[in-house]
Structure formats: structure tokens, C-alpha cells
Number of protein chains: 2
Amino acid sequence: MKVIKFGGSSLADSDQIKKVIKIVSSDPQRKCVVVSAPGKRNPADTKVTDLLIRYANQAIEHNDFTNTQAAIIKRYQEIAEGFNLTTENFTPIKQAVIDLPKKEYPNDKYLMAAFKAHGEKLNAQLIAKVFTTLGIPARYLDPADAGMVVTNVPDDAQILPESYNRIAKWKLTTEILVVPGFFAYNTEGDICTFSRGGSDITGAVMARGLDADLYENFTDVDAIFSANPNVVESPHAIAHMTFREMRELSYAGFSVFHDEALIPAIQGNISVNVRNTNNPDAPGTMISSKIEPDKNYPVRGISASKNFCGLYISKYLLNKEVGFTRKILNVLYKNGVSYEHMPSGIDDITIIMDESNLTPEIERSIMTELQEAIHPDEMHIIHNYAIVMVVGEGMRNTVGLMARATQSLANAGVTLQMINQGASELSIMFGVSQDDADKAVQALHKEFFKLG
Amino acid sequence: MKVIKFGGSSLADSDQIKKVIKIVSSDPQRKCVVVSAPGKRNPADTKVTDLLIRYANQAIEHNDFTNTQAAIIKRYQEIAEGFNLTTENFTPIKQAVIDLPKKEYPNDKYLMAAFKAHGEKLNAQLIAKVFTTLGIPARYLDPADAGMVVTNVPDDAQILPESYNRIAKWKLTTEILVVPGFFAYNTEGDICTFSRGGSDITGAVMARGLDADLYENFTDVDAIFSANPNVVESPHAIAHMTFREMRELSYAGFSVFHDEALIPAIQGNISVNVRNTNNPDAPGTMISSKIEPDKNYPVRGISASKNFCGLYISKYLLNKEVGFTRKILNVLYKNGVSYEHMPSGIDDITIIMDESNLTPEIERSIMTELQEAIHPDEMHIIHNYAIVMVVGEGMRNTVGLMARATQSLANAGVTLQMINQGASELSIMFGVSQDDADKAVQALHKEFFKLG
């Protein structure tokens, strides 16, 4: 059997959902459908999840939410009307939206989680009814009934391992199971969501629990590309890649498939097929544990993320000071900032961090405390830092690849602020200024994909 | 005025000391002479310091030290005889050697420090007497009288900053000051030595305290070379380099000038001139704070050290675990092991350590504790790890240098296990297997010095 997950743009309106039904119906293996909340119908549209966030905030602040509530109901109503659903079928959906602010929540974080989760929950209920209305045996399967239990973090829950054996009981279902993505319940029965985009996680969890033959992830692109199509002209569609390659590429910007969703897929060794709802004949991108390398293309993809910053610290004979790094990490930890990488010279160290962690206040606090803790000779923050990743399993045994990479960057006039290549040899990481990031991706892509 | 320091091979016997006297006498600026203990007279010889260590161990273990004691006395006696010193002048030296085991020491570590320090102490006393015998006004200046005070670590003392103002009082000396290198006293008056080779430190401390115009460091090579002459055929003699370049190169094997000796030189902005006692007309290598870069040679030198190992750890979504690195560092700290570098991929980290830190027992303990603390997916030690450094201030603004370096390594068939280049851009660090280290140095040297 296959688990098949549809993203928000695949479920934005009844026309899109018709495509979904056709796709699901075309393969009797597609027994478990995981759905997102309705997404944007056009670029100017608002996602239902964003409407629900607005709704929640208005409820928390006791502001008037009439219009927001109505807008949310209207989105589901249009879908119901598109399939001529009976009033009886639609009324519970409408009532659930209206009831949201009337319920009790442990605190506002759980309120927010519950509001957001209803984007998926009501959509799954609605789509299950659409299936049965069309004569296709289907049922809404709530995460609670599925057996999913998560950690008690309302906006970044993690699946608990006992979930999998419970989910396995649904393996022999004859009906199509329509499961809402993005959320489940903690042991107290409160709704907790995964991190944003977490419907991919629900799909992967169901796929592992059901021991699916394939996890199909339908979205709105034909494939995962070898580089961002907004940056590189006609990048390669990746036919096949490994979990590790996906993981490395998603670290710096490849966002088609959710990072955390890879874990259950890897654990269950379930291949993932990323495909396009709007072009279901395209084979998409297959992600699995192992594939044969292609000698002509040692590199699988090139990604870039501009959301980093660096903290440069130098001190003479730094590495003779035992515990120097521990002191630095303690200061970061105290300020709630985690680091990403820590390339070091002999007497200097650069702490690469997620820029979004660093408010001006936290930055000041860190600098003051570090000054006191380690008395550096020099210390400054490097803003506008970007990380460019060159990723490919085939790089491991290809001598001269670093030379090609750095030569192409040099030819493009890109200044390297950092290079980081550890023992895994699966990727090379370059630190460049944000201004150079696109240029770097273009140069590297040209170098490693020019044979195509 | 100039401070001039002579290494052990420059003071190995009376013939060598005659060269020293000629050098000192040839420039009236040379007012402060710092001396090492007598070194090897030929490759098969034993350094006086090593004889003293043997003597100390025999004293500690209450073994017969008659022969060792005699051998030490003989070394000084031969020098004394070479200059026809009177018995009156030599007797106190001989007596000092005999008295060493009879004195009281706080513990065996201080005993060892005091024994070792007498290699320099007695040599300085002897050479001061040689000077005066030859009619050159000179005096032995004990570190205590000079005003040097060090931290209370018997075998790795650090100079205390109050020393410098005290030393400054000797600035107007008319006699030549003969100062023993390698040791000073803690505030209790016990002898503590610097780390091995620490006579360079004494010279630098004296140079800073006296605000010398130049610190001349006489040894037995014509210059510092751009690579190890045992590895590379006819490397370049470096005419001029910066303190930072020296520091980076010495990290991975350039041992002509002691690492820690750079600190007082940098602090006092005293240029250091490394020269050859056996070829005093050669200009040697000048080390100073700043020099004009040479566009043809962006790289100043290439060094390699084979004494490293790596600990590779991988775990899926590693960098989502807050405090992961802190946990690793805590385990290393508990086991008394410090790390050198920590290049990281997305889900893996390689901890580069000094191999000599890692006994099989400590290795087992670290692995067991890490297994428990972080539950890695994969973890293994990479023995036979070497670090190759390419160093040069001129690299900072030279685009394409990394490409040249990696291309030349690729052409030589060297597999890169790690690349580390931080924000300083003064050096690139390559991790390679020990077997590849020499090949890597040869390839890089050929690439960056072929214009010569």
C-alpha cells in the first residue's frame, strides 16, 4: 500500500481536490491520504492556516473575529459546494470553526495549536465526505484514533515511538483513510502541531506505521531541482536522490520536502516520491536510502541559504586555553542561541549561527558576556552571511571536486569566507556574503551540470 | 640594544662558544645574551638537559647517579678547559651539579624543574666567566635578579606581567648580561621552567622588558624555510615573515622558533631575527608584525604535522539538538582531552585532537561516555590523521588560491578528509591521512613556489 500526501496548493479549492481524487482513485494501492489545509488559490490569496492564526490572535486579544471566522468558513463552503455536499455534511465543519474560541485550552500556545490544526482537521473531514459522496469508500481518521501521540510541545511536537505499533493496526483497512496532517495529541489529549509544514511529517509517520511500499508526496512542482529555479536557469530535475542528499540540501534552502519528515522515512526505509498534483504523469523525484552514483554528475544539487551570521573571535594562543570553546558555548547557551558550525583557525574561531536567533539585544548581551569570559583580542559579528552547500553522494570518491568548486567560484569573483568539509565527504559548505550567494550557486551549477 | 639568544647546538662545546663570543663582540648593540644548555656536539651525543633529566629521575628513585653526575660535570669542564678557565672559576659550577640532589624541593616536579634549569643556569654562569676571562665586561644575570617572576607551574610556567617593569631597570647596563634561558622563579622562590625549548621565551621576555630594537635568535639553520627541507627539495629561505604567519606555521610542525616566545615579541612589537651561529653572515629570517605582501608568493610556507587524530560522530538531525556539542566537549573535558578543531557537516562533526592525548584507555572511556551522552548513529576514531597548513598573509586577497591548492592536491592523488578555512583567511588547513602528508606538502609547495 501507499501513503499519499497532498500539500495546501493541491487542496486549495474544489478544482484542485478533483485532481486529488482522480490521482487517489487511479491506484488501488493509495489507501492512506494525508491532507494539508487549503492553500493559496492564487498568489494574492491567503492560506487557511494563516486565516486561522489571525483568528486565534483575535480570540486571544478579545478582538472582533467575525470577518476572519466567515472567511475561513467560506473557504470550506466553496469546496463543499464544488462537490454538492449536503448541508448535513457541511454543518459540522462550519460549527467546528465557530466553536473554536468557545473551548478551553491549557494556555494560549495550545489555543494557537488547536486553531491552526483545524485547517487540516476540517479539510480531512470534508474530503472524507467528498470521497463517500462520490461513492468511494473512505473515512476520516483522526490522529487520536490512528494512535499518534506526540511530545508535549504545542508548536513543535515530536512523534512518540509507541505511535507506530498503534498505526500498524490500520494496515488492513479496506476504506481509504483520510488523515489530517500537521498535528496530533499529547498524552493529555491536547492538540500539538509539528513545526510549520509538518503535514509531510504526518505522512511519513503514517507511512512508517503502515509499513507502506511508498510514500507519495504531492505538491505543485514537477520535481526537486538541482538548484533553485529562481536563481539558476533551467536546473536539472532530480530523478533520484538519497535521504542524506535531501537532508543536506534542505539544510540550506531546499524546502520542497520537510526536514523532519525524513526521519520516519529513513527509520522505516520507506522511499519518498515527490510529485506534482498538477502534472501527475511526471515521474517526480524519488528519495530513497541508496542509489547508484552517476559518474557524470557527482553533485546532486546546490543550495544556498542567506539566513546566517558569523561571530568571529580571535585570541593569541587560543587553542592552548583549555575549555575556551566550552566558555563560548556556555555564553551562547545562556542567551538561548544555538550554533550551526564552528570552523576554526589556529588562533581564531568563527561561530556560524542562524541569523534569526540574533536580535540586537541578544547580540549585545552575547558580546558583553564573551568579552568578560574569554577576553578576546578581536571579536566581531559578520552579518549578511550565506551558506552555500554542494551536495552529492558521488562526491565521496571523486578526487578534484573541491578544486573544480573553488576554481569556478574564483572565476565568478566570489570571495570565500569559510570552507567546511568534514569526514562525511557528502557535501562541501561554503560561507560567502549574502550578495555573493546567487552568483556562487550559478557558478557551481554551471560547473557541475554543464554536461547536461 | 639587541637581545641575542643562542640555542643548545650553538653552545655545545668551546668551539661553538667561540663563534658565539665572536658574534656577540661584533656588535656593541648586543648587550643581553640569553643562553640554552649545551646541546649535542654530534648526532649521537646527549644534550645536557637530557642528562639532567636522567640525573633527576635517578635521584627521585634513589638509584646510583654517579656516572650521570660525572657526565654532566664533564660537559661543563670541557668548555671551561677550552677557555683555560681557572679552577676557582669552575669549582662552583661543579659543586652546583653535585649539590643538586642534596637540596630540598616542594615535590618531585619542582626537583625535576630545578635539575633541568641548571643546564641553562650553569652554562650562563660559565659563559659569563668566559667573557670576563677574555676581558669582555659581562655578568651573569639570574632570572631572580633580572626580575622575572612566573606562575606556579613547575614544568609549564607563564611569565607574570610585573616582570617587565623590573627587567626594564637593566636597560642601561654597560656590561653584557648573560641570562640563562628556560626558567625563572615563582613567588615562593622555587624554580619553574617554561615548556621544553623555552629559552626562546626567556629571550623574548628579556627583549620586551628591555624594549630591545631587535631580538636575535641564533640557531643552527640559515633561515626558516618555506617547507620542511627533509620533505621538499630546496625549499625557499624565508627572508621576512609576520608573527601571525610564524604562529600558524609553527602550529603544524615549524619548530625553529618557540610558539610561546612570539607573545612577548608581539606585545612589545620586537622584531625577531632567526639566524645561524655557524653562518653568521647569512641574513636569516626576519619575523615582524607587518610586511608588504609579494604578489608572486601569496603563500609564505607549508607545514604538516602527523600527530593528530579525528573522532567522527554522526547523528541524524544532530544540529537540532541544542547542547549537542557541549555534551561532547564535557565528555572530552572530563577525560582531560582538549580538542583542536571541530569541522562539522549537517549531521556530523569531526573532533580533531592531538593524538598524544589519546591512550587506548582514554579512547575507550571517551567512546563509552559519548555513546551514553549523545547516542550517535555512527562514531569512530580516525587514527593516522595529519594536518597540512598553507599559510600566508598574501592569501587574504588572492582569489582562486583554494582552487590552486585543491587542484594540486587532487593531481597528486591526495584525498582530502577535511578542509577548514575560517574568517581569518590567513591559512587553509587540510586534513589528510598520515601517508599522504608528505605528498601533500610536496604538491602544495610545487604549486605555490614554482615561480622561484
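Laboratory data are not the source of any read-out in this text; all were calculated from the coordinates shown. Since the structure is predicted, the reported quantities are computational estimates derived from the model, not experimental observations. So basically every Cβ, Gly included, is an ideal-geometry build from the backbone, and we count neighbours across all protein chains shown.
First measure r as the distance between the Cβ atoms of residue A:136 and residue A:99, then evaluate 1/(1 + (r/R0)^6) with R0 = 41 Å and state the FRET efficiency to the nearest 0.05.
Working: r = 29 Å, r/R0 = 0.70.
So the FRET efficiency works out to roughly 0.90.
Taking the Cα centre of the protein assembly as shown as the origin, how large is its charge dipole in debye, to the nearest 20, when only Lys and Arg (+1) and Asp and Glu (-1) carry charge on their Cβ atoms? Charge dipole of the protein assembly as shown: 640 debye, to the nearest 20.
For every other residue with a beta carbon closer than 12 angstrom to the beta carbon of residue A:412, add +1 if it is Lys or Arg and -1 if Asp or Glu, then tell me the sum. Residues close to residue A:412 contribute a combined charge of -1.
Taking the C-alpha atoms only, the angle from helix B:401-411 to the longest principal axis of chain B is near 80 degrees.
Past 22 Å, Cα to Cα, is the threshold; run A:47/A:94; A:22/A:129; B:5/B:446; B:40/B:94; A:5/A:171; A:5/A:47 against it and keep the listed order. Where the Cα-Cα span goes over 22 Å, the pairs concerned are B:5/B:446. Distance from the alpha carbon centroid of the stretch B:68-102 to that of the stretch A:201-220 works out to 85 angstrom.
Principal-axis analysis of the Cα atoms of chain A puts helix A:324-334 at an angle of about 30° to the longest axis. A simple rule links phi to the HN-Hα coupling: the Karplus curve 6.51 cos²θ - 1.76 cosθ + 1.60 with θ = phi - 60°, which for the stretch A:341-352 gives 9, 9, x, 9, x, 6, 10, 9, 9, 10, 9, 8 Hz, with x for Gly and Pro.
Put simply, the amide H of residue A:307, placed in the peptide plane, has neighbours under 5 Å in A:387, leaving out anything fewer than 5 places away on its chain.
Residues whose amide H comes within less than 5 Å of that of residue A:300, counting only those at least five positions distant or on another chain, are A:391, A:392, A:393 (H built at 1.01 Å from N in the peptide plane). For chain A, the relative contact order works out to 13 percent when only alpha carbon pairs closer than 8 Å and six or more residues apart are counted. Roughly how far apart, in whole Å, are the Cα centres of the stretch A:255-298 and the stretch A:1-45? Cα centroid of the stretch A:255-298 versus Cα centroid of the stretch A:1-45: 18 Å apart. Residues whose amide H comes within less than 5 Å of that of residue B:30, counting only those at least five positions distant or on another chain, are B:2 (H built at 1.01 Å from N in the peptide plane). For residue A:166 and residue B:211, the FRET efficiency from 1/(1 + (r/R0)^6), where r spans their Cβ atoms and R0 equals 60 Å, is about 0.15. Counting lysine pairs in the stretch A:258-356 whose alpha carbons fall under 27 angstrom apart, excluding pairs fewer than 8 residues apart on the same chain, gives 4. To the nearest ten degrees, helix B:199-209 and the longest principal axis of the Cα atoms of chain B are 80 degrees apart.
Note on residue A:397 and residue A:240: their simple-model spin labels are 1.6 nm apart, each label 7 Å out from Cα toward Cβ. What dipole magnitude, in Debye to the nearest 20, does the stretch A:291-391 give about its Cα centre under +1 on Lys/Arg Cβ and -1 on Asp/Glu Cβ? Magnitude of the dipole: close to 180 debye. Applying the Karplus relation 6.51 cos²θ - 1.76 cosθ + 1.60 with θ = phi - 60° to the stretch B:164-174 yields 3J(HN,Hα) values of 5, 5, 5, 4, 4, 5, 8, 4, 8, 4, 9 Hz, where x marks Gly and Pro.
Label zone of residue B:87 (point 7 Å out along Cα→Cβ, amide N under 20 Å): in the stretch B:117-153 this covers B:126, B:129-130, B:133.
Modelled label positions at residue B:45 and residue B:361, each set 7 Å beyond Cα in the direction of Cβ, lie 3.9 nm from each other. Neighbours of residue A:23 by Cβ distance under 15 Å: Lys/Arg scored +1, Asp/Glu scored -1, total +2.
Within 13 Å, Cβ to Cβ, of residue B:138, how many net charges do the neighbouring residues add up to if Lys/Arg are +1 and Asp/Glu are -1? That sum, taken over residues with Cβ under 13 Å, equals +3. 3J(HN,Hα) along the stretch B:189-198: x, 7, 6, 10, 9, 6, 5, 4, x, x Hz, from the Karplus curve 6.51 cos²θ - 1.76 cosθ + 1.60 with θ = phi - 60°, whole Hz, x for Gly and Pro. Take residue B:365, move 7 Å from Cα toward the beta carbon, and the resulting point lies 3.7 nm from the same point in each other copy, nearest first.
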